1. Out of all the residues in segment C:353-377, which are β-branched (Val, Ile, Thr) and open to solvent by 10 Å² or more (accessible area, probe 1.4 Å)?
2. With (1) modelled with pLDDT under 95; (2) of a type in the set (D, E, K, R); (3) surrounded by 21 or more Cβ atoms within 10 Å (Cβ to Cβ); (4) under 20 Å from A:ARG131 (Cβ atoms) as the list, and A:ASP5 as the residue in question, which single condition is left unmet?
3. Quick test for you: out of C:ARG6, C:ARG24, C:ARG16, C:ARG20, pick the one residue that is of a type in the set (Lys, Arg), within 11 Å of another protein chain (Cβ to nearest Cβ), free of Cβ contacts under 8 Å to residues at least 40 places away in the same chain and under 30 Å from C:GLY720 (Cα atoms).
4. Considering segment A:20-30 alone, what residues qualify as being touching a helix residue (DSSP H, G or I) at 6+ places or on another chain (Cβ under 7 Å) and more than 13 Å from the ligand (Cβ to nearest atom)?
5. Is it true that some residue in segment C:397-410 is assigned by TED's automatic domain parsing to the domain that holds C:VAL746, closer than 25 Å to C:PHE372 by Cα, surrounded by 15 or more Cβ atoms within 10 Å (Cβ to Cβ) and at pLDDT 95 or above?
6. For segment A:116-137, which residues satisfy the criterion of being of a type in the set (Lys, Arg) and in contact with a Phe, Trp or Tyr (Cβ under 7 Å, 6 or more places away or on another chain)?
7. Given the residues C:THR709, C:THR639, which is the only one that is within 14 Å of chain B (Cβ to nearest Cβ) and open to solvent by 30 Å² or more (accessible area, probe 1.4 Å)?
8. What are the residues in segment C:188-208 that are closer than 25 Å to C:ARG747 by Cα and acidic (Asp, Glu), if any?
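The values are calculated or read from the model by the stated rules, or taken from the named source; none is laboratory data. Quick caveat: nothing in here was measured; it's all calculated off a predicted structure. Ideal geometry is used to build each Cβ from the backbone, glycine not excepted, and the neighbour counts take in all protein chains shown. Side chains included, ligands, DNA and RNA excluded: accessible areas come from the protein's heavy atoms. Shrake-Rupley method; radii C 1.70, N 1.55, O 1.52, S 1.80 Å.
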Amino acid sequence: MSPLDQSPNMLPPVRQLPPFRLFRPTTPAEAVGILGSEETPPICYAGGTDLCLSVHEGRSVSSLLSLNTLDGLRGAEARNGTLAIGALATLDELSTHDQVTAIPGLAEALGAIANVRIRFRATIGGNVMARRTAYEVPILLAALDARLVFESSVGRRELRAADIWTAGDLGRSLLTEIEIPLTEGLALDYDRTLRPWMTQAAATGGIERVAVGTRFLRPALLSGDPGESAESRFSGLPGEFNDVLLTRGYVTGTGAALLKRQRARLAKG
Amino acid sequence: MSDTVSISCSVNGEPVAAEVPTSTTLADFIREACGLTGTKIACGHAVCGACTVHLDGVPVASCSAYAFEADGSEIRTVEGLEDADGELDPVQAAFADLSAFQCGYCTSGMIMLTRALLDRDPNPSGETIRKWLNSNICRCTGYELIVEAVARAAEAANAGPMR
Amino acid sequence: MNESARLEVVGRPARRKDARDKVRGKAGYTTDISLPGMLHAKALRSAIAHARLVGIDASAARGLPGVHAVLTRDGIGEDIAPTYGYFIKDQPIVALDKVRYEGDIVAAVAAETEAIADAALRLIEVEYEELPPAASIEDALSDGAAELFEEAPMGIVPAYGAGASAELRPRPNVCYRFNYETGSPDVFETCDHVFEDTFHFSRMQHFHLEPFAAVAQWLDGDRIEVSTSCQNPFALRKELGRVFKLPENNISVRVPFVGGGYGSKNNCKAEPIAILLARMTGRPVRFALTHDENFLTNTQHAAILKLKTGVMNDGTLVARDSEIFLDSGAYSDASPLVAEKAGYRIPGPYRYRHIRTSCDCVMTNTAPAGPFRGFGGTQTSWACESQMDMIADRLGMDPLEFRLKNLIDLGEPFVPGESGMDSDLREGLELVAREIGYRKRKKNPVPNRGVGLALGFKDGGGVNKPAQARIKVSTFGDIFLHCGTVEIGQGAHSALSAVVAEILGAPAGRVRYMPIDTDHTPYDQGTNASSAISVMGQAVERAARSLRAQVLDFAADRLGAEPQDLDLEDWHIRKGNEALPLAPMIMGYFGGTGWEFAADGFHKAETDHSAPLETQCVFWELGWGAADIEVDPDTGLITVHKLVVSGDAGQAINPLVCRGQDEGAAVMGLGQALFEEMVYDGTQLMNGNALAYRVPMAQDLPAEFVSITQEQGHGPGPFGAKGMGEGGMLPVAPAIANALFDATGVRVAALPLSPPRVKAALEKGF
Ligand SMILES: Cc1cc2nc3c(=O)[nH]c(=O)nc-3n(C[C@H](O)[C@H](O)[C@H](O)COP(=O)(O)OP(=O)(O)OC[C@H]3O[C@@H](n4cnc5c(N)ncnc54)[C@H](O)[C@@H]3O)c2cc1C
């Protein structure tokens, strides 16, 4: 249920949209062209597992750009010291992909998100572009210092994954790729035992990056020297990191305890 | 560009051709255009899985997919499981025999989810069964009897039709 | 009578009657109904928690092509009683003067399609004048709190028996208070200890998968036909008759299969709007809410429970004084009835010399709360069973021994004037204790691991509940069972059919449970309170026995034999070694067109002023539970290693179905214990959809999950059966909290036992 903008009224989820204009491009270039040329850019449709929710929440869709028919933007490949993941790769596909297993911990983490049925459909790009605090891919990507690659009619743009929350309107851009720098010793540990209250990704390889996600707050990224104590890593947590389900005090104490375990697991390999 | 889209697909093995509004969900297409109301719409957000059907063999929440995606595809619903003589699929039979349902509203989806699992892995471990069943919600049974029914269905299918 | 030794149908794990339809997608629900010319309804709701309704402009919506009607308060005339409710008629069909929660309905549209109806809602303009809200029990009871109802709405207090009473609106924002007292409070003076503790109970949503839905027609100017996803068609019909000022024989309520309810689908929900829009348009109207709207329609009661318990040094319980506050939300719905039950059940199944309770229904600007599996018993079992362990600890006693010492005996009345306990409570408790290894365990063998027990308790079978059944058998022995128990998943149609088949010596497949239509179906008060087997079952049993006697009398006449020398076997008369087919006998007497035997059966507990609730309780519903848990002190996360639940079916009509009931109930309790909760930020619901609201899923099951259906044989139903289906939920949360205390010495008295809450308690250390 959603209050419509500033309206004092609440509307039921929209189960049946009015007909929309449907675009079914076959190449990424064609898709980018449509996003750039239409007066109101059509809304991208990948696996649809989040889009339908946002429609129910009141998002109006006058035109839809189906990405299902696109060639490419799937799979993953290591090149030039980065792991490049296609935005349309499904979580299921990635959870067993041999290039993804090159980063210890990543395939397991992606294979733990949602459930079997959703993972068949849900794309990694859709998880990021939904920009919902409850979703986990942005947490993983923040810890991995990933970059998001967008194409639009004005060219290519890169964004740090951790900056997706503040990037503003991306309606004319197509997320094409996610690039993870393959630094020496890169490994990920993702602890989601406390979901939905909090989850935590820790990545090694040079500096240590810890990303903490909760249900209602944008993930916090805490990075620094791996030798630093777990407690002091968490002293960097934003002051207002509270929501209706948890307090900052809980997150710092619990996060530090989880981090110690994560470090031990990462050290064991 | 038109407001409608033409779809030709197969539904439970029968060819279907229809012209529907672009925004028609797969669930509405199945329930209304095809008249197959065994597929239930419950939570509406792909969460509960009561609307699970197979789209080219993949279990999909039809409430959160659009009919246009089915163009050129094969759809399978709960109505397509039994054979021409009305003989139940082993999954249906196991759910019936173990009372692995109560109100029945999740049952079509649970059965389609299980069918998709057994199509991929005819001998799933208990852990695999729970992992798959974790996709759909049953508010009535507490899942235990469903887990048992899935195991029973796998056994029955492996034992062959003569047993 | 050792009847169970020769049961043929009852007691077997047979396929349910609805199995084949349900596994094939052929079972029909209200949401599947589609009538020619049917319109679709959608509702506009307030996003403001508390406001005066200044004006509504729906003209643009009315003008939208495809829109057939827009219902607002302006469309409600003198010919309609505009509000409904159980004891208190306070809930308007659409908002009249005020809106009282975020989600209160202000208007509804009927249109050719759902999409058009959605579009029309966006064109409705509403002007509100905001009022200060009361978000919680504490808020609503504070000085100067805004009042939801400045004047008391029309309401009634039913007759109560010995010791019980109630008042409407005892104070502002309290719509109903139930009181019960027995014995003298002076005994508190004699107690060695008096312990006072407060418990908080969180609020869940039923999360039935089929939404509230109704398809209504207004025919011939004054006749209503409505198919609905509803648990109590007759009570609904009566209420619709009052609201629409129509005689009840002009209203037909039909109930197909119901896709889950867990209590929520009682009384008016989607029906009044569907009916009114049908009247306005002259077309059939389907009003199926979305699942998200379920969260805004009916919920469980959050509660604060204050217990004061007097006890002797040796662990003898003496007195219990309790004050309960239920968060009723914005409208009373079933709150007064829940208050009655919570107030009555709070002592638990223990012996006291004095009991005093009061239970207040507190109105808040949140979604209306109503009946929910356990019906007040979940709240009271949480508080009572937590305090039992706390007291045992303070007295230095073992919690199991403390309970065993105080439990009511088999046959002993719960309170003066009540019926006797119809389960051996100690037997059940020892059973789950044994299964969890309670007595054999070493104290804290593993740090942070512990076990806990609890005994959930409620009176079952409803209060003063009449039920009637009718059985007909055709010439060739085809059996028609007419009764009003709704098939909501519990397997009642199969169970009641099995009772009939058993008594008539027929295979279960001969019985057809006829579709429910209040025009033809005999009266039933409602499918709730675990009453199908214990109340309707008795009516069905009587009807079947009476029909059997008729048939045997008829055959005896025909054969010149004595009825007691005859038996009925698959529509043959067994006489010694002979099996004589009945059909030729029937046609020989009644003519070739044949005949139908028919019989009615009725049941109601006797009215009895010495019983506090005016009738003695039909049966006592128990849920014994035990949990073995471990807590991670760094995170507060509880892992349940093993959960044991047990109910007493008396005699299981179908053991698989009984097992499913206990397990389903227990898993609901597990969600309540660990994580499931409607999260409010003030008056705003933060997780009102299926993605945000977490219910238990397959991977939440404990590593070991054991459910044991006891068949103690003392029930009032057919063959000694008792009701079940709620009991399994009641002990789970307190058993886990007690196990947490066993593991850590820390008591958490609020639900859910979420990691942040548990960790905070562990850090505080008490
Ligand atoms: C039952 C259920 C359980 C879930 N559980 C979890 C969970 O445990 N953890 C978790 O992290 N998530 C969870 N999710 C969320 C799920 O992972 C996301 O919905 C999914 O990853 C989104 O991918 P999609 O392909 O379906 O996206 P879509 O729904 O198709 O799109 C999502 C959004 O991204 C935009 N978009 C998609 N692709 C692109 C692109 N290439 N370029 C630009 N914009 C694009 C769309 O316009 C839309 O706004 C759950 C969802 C469901 C329904």
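1. Matches in segment C:353-377: none.
2. The single condition A:ASP5 does not satisfy is (3).
3. Step by step, each of C:ARG6, C:ARG24, C:ARG16, C:ARG20 is checked, and only C:ARG20 is of a type in the set (Lys, Arg), within 11 Å of another protein chain (Cβ to nearest Cβ), free of Cβ contacts under 8 Å to residues at least 40 places away in the same chain and under 30 Å from C:GLY720 (Cα atoms).
4. Selection gives A:LEU22 alone.
5. For segment C:397-410, residues assigned by TED's automatic domain parsing to the domain that holds C:VAL746, closer than 25 Å to C:PHE372 by Cα, surrounded by 15 or more Cβ atoms within 10 Å (Cβ to Cβ) and at pLDDT 95 or above: absent.
6. A:ARG131
7. The unique qualifying residue is C:THR709.
8. Selection gives C:ASP192, C:GLU196, C:ASP197.
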